[in-house]
Amino acid sequence: MESVPPDARVRTFLADCPDFGRFWFARVASALAVQMQAVAVGWQVYALTGSAFALGMVGLAQFLPMALLTLPAGHAADRYDRRTICVIALTVQFAAGGVLAVGCWGHWIGVPGIFGAVALIAAARAFERPANQSLLPALVPRPLVPKAVAWATGGFQSASVVGPALGGVLYGFGPAVPYATAAVLALAALALMATLRVTPGAVPREPATFRSIFAGLDFIRRQPVILGSISLDLFAVLLGGATALLPAFAHDILGVGAWGLGALRAAPAVGSVLMSAYLARRPLERQVGRKMFGAVLVFGMATILFGFSRSFVLSLAALTMLGAADIISVVVRSSLVQLATPDAMRGRVNAVNGLFIGTSNQLGEFESGVTAALFGTVAATVLGGLGTVVVAFLWMRLFPDLGRFDRIDSHLPANQDPPPTAEDG
């Protein structure tokens, strides 16, 4: 059978699902904006303070709004129009990015102002993430949901490659330039999201009660395989996330500039894209749980290697390996959540997933900054990698069902409604 070129497959899939195509481009534009801002914020804060602890505080400024707002945001995604929530959130991100750009251009914004803008963007993303993820199954027919998840993940990872590198290059012209570019990308994502045609699902909308807001957490608690996969990824990222310390590595240890920081931040995403391409051709079919545990172990060891490295090339290789290992757990976790969750609860379950995974990145940055301030940048990174390895072995004992888990599609409960088709809304 003659193979179809990858670019032709992309054009065909996006042409057959035009609303998903607009959704995909909006997601990529938003991800580019976030990644560019992350590089600019990290480099600028470190340049202004020279403190690894301040880099950790950037993570805390992102973590607190997301930790406080993610569960209510998930309930909102199941109660109100998901597209409208995304549009409002992107409007806030555009405005905050504009303030950062204008403030840097006029030289009137300092570290507290940067932290405030970062916190505002994090609050907006707390509402955008569950609404955005819950929109996806309504934009494509049910048989194409796994493929749509793969394309969405691949688009995000591609943006994670381009965004940091582009942000590092643009920072050379001054911090206002990447901030302004990110604001324009957020505006483009807003415009694309506003054009989506999504028919609201005909499901009862629960009133906002304590029980309904925490229903997603209760759902995950009763699914040990999902709980194990999410919590494993949470602690692996929490302990092994060295990205917050990349400005310190780039400036003090490896001796590279803003462009080098952009390359370091892009390296994990390069590994993720390469592994995504491999998994698209050879998907995980058997022994999924064991492969997920193996990937987390590789993630931890790659973190240790990066911590000890004094070579820019070796550091890039270690971060690339780290990203390739991480994408395996992302694919397993995301597929389980989408296929095993009814549409009426998808916002709340995705919110809990985002709370576990998304905020662990920010809390992990805070943890890395604190440990780096106490023990040094290298020691903090190596200890984090060792902690990830320990967690992987501990989770093998705490969640034996996850280790024995064989096939992703076998986890869809027989008595559960499947994800809705595009025609069902």
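The values are calculated or read from the model by the stated rules, or taken from the named source; none is laboratory data. As the structure is a prediction and not an experimental result, all values here were calculated from the model. As a convention, Cβ positions derive from the backbone with ideal geometry for all residues, glycine included, and neighbour counts pool all protein chains shown.
Somewhere in the range 335-352, is a residue in a helix (DSSP H, G or I), among the basic types (Lys, Arg) and at pLDDT 75 or above? Checked the range 335-352: at least one residue is in a helix (DSSP H, G or I), among the basic types (Lys, Arg) and at pLDDT 75 or above.
Pick from the range 222-248 the residues that are more than 22 Å from the chain's Cα centre (by Cα) and assigned to a helix (DSSP H, G or I): which of them is modelled with the highest pLDDT? Once the filter is applied, the top-ranked residue is ALA248.
The residue that is farthest from VAL225 (Cα to Cα), among those in the range 262-321 that are polar (S, T, N, Q) and not in a helix (DSSP H, G or I), is SER311.
Scanning the range 277-292 for residues that are at pLDDT 80 or above and either of a type in the set (Lys, Arg) or surrounded by fewer than 24 Cβ atoms within 10 Å (Cβ to Cβ) (or both) gives ARG290, LYS291. Just a yes or no: is a residue in the range 77-91 touching a Pro at 6+ places or on another chain (Cβ under 6 Å) and at pLDDT below 85? Yes, some residue in the range 77-91 is touching a Pro at 6+ places or on another chain (Cβ under 6 Å) and at pLDDT below 85.
Across the range 388-401, which residue is nearest to the chain's Cα centre (by Cα) among those that are buried (at least 19 other Cβ atoms within 10 Å of the Cβ) and in a helix (DSSP H, G or I)? In this case the residue turns out to be THR388.
Listed here are the residues, each with its yes/no results for (1) buried (at least 19 other Cβ atoms within 10 Å of the Cβ); (2) at pLDDT 80 or above.
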{"residue": "GLN35", "(1), (2)": "yes, yes"}
{"residue": "GLN44", "(1), (2)": "yes, yes"}
{"residue": "THR49", "(1), (2)": "no, yes"}
{"residue": "LEU55", "(1), (2)": "yes, no"}
{"residue": "GLY59", "(1), (2)": "yes, no"}
{"residue": "LEU64", "(1), (2)": "no, yes"}
{"residue": "LEU69", "(1), (2)": "yes, yes"}
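Would you confirm whether or not the range 258-276 contains a residue that is among the hydroxyl-bearing types (Ser, Thr, Tyr), modelled with pLDDT of 75 or more and surrounded by fewer than 19 Cβ atoms within 10 Å (Cβ to Cβ)? Within the range 258-276 (the criterion being among the hydroxyl-bearing types (Ser, Thr, Tyr), modelled with pLDDT of 75 or more and surrounded by fewer than 19 Cβ atoms within 10 Å (Cβ to Cβ)), the answer is no, since none of the residues qualifies.
Taking the numbered list (1) outside any helix (DSSP H, G or I); (2) crowded, with 21+ Cβ neighbours inside 10 Å in turn, ALA76 passes all entries but (1).
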